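K.L.:
The structure follows.
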């Protein structure tokens, strides 16, 4: 009589879906509730469940692809579900269509994860260490593909969950995708050494070695590659808390314009920063004299500087999502100001992908087709600091920010992000974007100033810690002091020259190493295949 297979042998898809939900739950803003290590722990548990299912099921490539695709789809719905708010509440799409659009996008983005499952099942050698190397290489490749293909959308990448664990000390070396790769490799080695080795020495020794490695990393100080540069700046960061459904309604804009102009002119800091589209109108649309009044506060005698989020240009020649820099020096520039134009535009929100005009026409999105700025924009000179602005989700792309660090003599000493997340709800997106900004500070070991409409308006130091913050979803002004830093981290050095190509090379090396192993297999007691070790 043939013994029936254990019940869990046929549950890979269900296990993967549940594990994806657990990974999605890790993206909840745990740090606000005092559990900063929760994302790493939950992500690790989630991946461990997925890897267990993959190992025991011994799936064919097609089913393995579907299994990892299900995990990725649920994970990304948790990471980006806040898009529903922008599409339905502010974009005007019917609720069912907004929900369908989010699910469809996440399902499409998870096709990269499906390739992880397919490639692993196709090329695995049923040797625990080789399969772990192969999986880590494929995982790295998939996360980078999501970051670069079709303009990229790497929100929720696994490396962001490592902010509160010792592994984050590798960020200045490897960047966020390298962190995710090391994490995936460590979890795969841990799970598959226990499940896939017949040797008790391996089953005990590998977890012990991984634990000792983590402990060593925990007690090893982070290597610092940057040093204090010049004098500390006093800064004033504005948070207008303007409701998104009021921001572009003409009869409701006057109070917002008045508040921002008053705070800009009254700011006590040497540098005042106002959020993305703090002034949500093109110069030709502003009340007469408004822009001149603001500029008058930054004449030769003021010794003050400002970075203000404002669209620039016109409807005929094109317009940009920009940051205007005001100072005595900028007044002699051709436009009378420093100008940073956003380079990495948001699909649908800031540019319309080919063939999707019909979709955008269904929504109420103002200023939806911006022109693109240069990748390597010059910094804004503020006394002896070089301040590098970026706008909203541009700070997801550390490899693009790194382009400014190729010449250390003119590399930024302070990063500035201006954002408006009022499109996306009141909590989750704000918390996730703060994680992203903290990771950028760690990768470059520079302080980051964030001036946002609804939050998180903060100062982050070069170690990724928030030193000053305003409460989210409130109107306020944050006064702080920030110390600029000079120097280039290993990540900034290699990413400024070769973008993510070194990471692609690492992925290929891991995959190649994982494709070696023992090919001869014999049935294991669970009905799968075990390697014959010679």
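Nothing in this text is a laboratory measurement; each read-out follows from the coordinates by a stated rule. Keep in mind it's a predicted model, so treat the numbers as computed, not measured. Counting neighbours? That spans all protein chains shown, and the Cβs are built from the backbone with ideal geometry, glycine included.
K.L.:
Can you say what percent of the DSSP beta bridges in region 227-488, counting only those with both residues inside, are antiparallel? Round to 5.
P.N.:
Counting DSSP beta bridges with both partners in region 227-488, the antiparallel share is about 65 percent.
K.L.:
If you take the beta carbon distance between residue 259 and residue 104 as r and set R0 to 45 Å, what does 1/(1 + (r/R0)^6) give as a FRET efficiency, to the nearest 0.05?
P.N.:
Rounded to the nearest 0.05, the efficiency is 0.70.
K.L.:
Angle between the Cα long axis of helix 111-123 and the longest principal axis of the chain, 0 to 90 degrees, nearest 10?
P.N.:
30 degrees
K.L.:
To the nearest 10 degrees, how steep is helix 200-219 against the longest Cα principal axis of the chain, on a 0 to 90 scale?
P.N.:
20 degrees
K.L.:
Mind running the shape call on region 227-488? Use the C-alpha gyration tensor, a ≥ b ≥ c as the square roots of the eigenvalues: rounded below 1.5 for a/c, prolate if a/b tops b/c, oblate otherwise.
P.N.:
In terms of gyration-tensor shape, rounded.
K.L.:
Mind giving me the FRET efficiency for residue 328 and residue 220? R0 is 41 Å, r the Cβ-Cβ distance, nearest 0.05 is fine.
P.N.:
0.35
K.L.:
Can you tell me the relative contact order of region 21-179? Whole percent, Cα pairs under 8 Å, sequence separation 6 or more.
P.N.:
Value for region 21-179: 26 percent.
K.L.:
Just for the chain, what percent of DSSP beta bridges are antiparallel, to the closest 5?
P.N.:
65 percent
K.L.:
Run the numbers on region 227-488 and let me know its relative contact order in percent, using alpha-carbon pairs under 8 Å that are six or more apart.
P.N.:
Rounded, it is 24 percent for region 227-488.
K.L.:
In what sequence do 124, 252 fall when counting other Cβ within 10 Å, fewest first?
P.N.:
Ranked by crowding around the Cβ, least crowded first: 252, 124.
K.L.:
Please work out the FRET efficiency for the pair residue 369 and residue 45, using the Cβ-Cβ distance as r and a Förster radius of 35 Å; give the result to the nearest 0.05.
P.N.:
Computed FRET efficiency for residue 369 and residue 45: 0.20.
K.L.:
Under the 0.36 nm per residue contour assumption, what length would be gained going from the current alpha-carbon distance of residue 203 and residue 243 to full extension?
P.N.:
8.9 nm
K.L.:
Here's another thing I want to ask about it. Using a 7 Å offset from the Cα along the Cα-to-Cβ direction at both residue 295 and residue 36, what is the distance between the two label points in nm, to one decimal?
P.N.:
Rounded to a tenth, the inter-label distance reads 4.4 nm.
K.L.:
Separate question: Taking a ≥ b ≥ c as the square roots of the eigenvalues of the Cα gyration tensor of region 232-287, is the shape rounded (a/c under 1.5), prolate (a/b larger than b/c) or oblate?
P.N.:
prolate
K.L.:
What is the chain's relative contact order, in percent, from Cα pairs under 8 angstrom and six or more apart in sequence?
P.N.:
Relative contact order, the chain: 18 percent.
K.L.:
Answer rounded, prolate or oblate for the chain, using the Cα gyration tensor with square roots of eigenvalues a ≥ b ≥ c: rounded when a/c is under 1.5, else prolate when a/b is larger than b/c, else oblate.
P.N.:
prolate
K.L.:
Report, to the nearest 10°, how far helix 38-57 tilts away from the longest principal axis of the Cα atoms in the chain, using its own Cα long axis and a range of 0 to 90°.
P.N.:
Its long axis makes an angle of about 30 degrees.
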